[in-house]
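A short write-up of the structure that comes next.
Where a number appears in this text, it was derived from the coordinates with a stated rule and is not lab data. Computed from a predicted model, the values in this text were never measured in an experiment. Using ideal geometry, Cβ is built from the backbone for each residue, glycine included, and neighbour counts are taken over all protein chains shown.
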Amino acid sequence: MVILDEICIALYYHLFEIDKVIALLKTSPQETEIILTCRYAPQELIEIADLVTEMKEVKHYYALGVKARKGIEF
């Protein structure tokens, strides 16, 4: 299993070329599970993905003024 955490936001900010990510996905061994995370997934990735999940905030303690907590969010 390979997890490319926050890769979609990195693509959004042009820190990686999408062609390289797609090449990685297409050339990886079939038995390797590759997980891409984050928002703003490019349509090209959505089209070739086996599974796409979109999460949205329903309730978050940040709205009550709770800031990022050491060891949890940073």
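A compact table of results
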item	result
Translational diffusion coefficient (Stokes-Einstein; Kirkwood radius from C-alpha pairs) of the chain at 4 °C, 1.567 mPa s, in µm²/s	90 µm²/s
Set of aspartates and glutamates with alpha-carbon distance to Lys67 below 20 Å, sequence-local pairs under 8 removed	Glu57
Stretch gain in nm, segment Arg39-Asp5, where the contour uses 0.36 nm per residue and the Cα spacing is subtracted	11.2 nm
Within-15-Å neighbourhood charge of Val66 [Cβ basis; K, R +1; D, E -1]	+2
Förster-model FRET efficiency, 25 Å R0, Thr32 and Val52, C-beta, rounded to 0.05	0.85
Helix axis angle, 18-27 relative to the chain longest principal axis, alpha carbon, degrees	60 degrees
Cα-centre dipole for the chain with unit charges at Cβ (Lys and Arg positive, Asp and Glu negative), debye to 20	540 debye
Over the chain: helical MRE at 222 nm, DSSP H runs n ≥ 4 each giving -39500 (n - 2.57), nearest 500	-7500 deg cm²/dmol
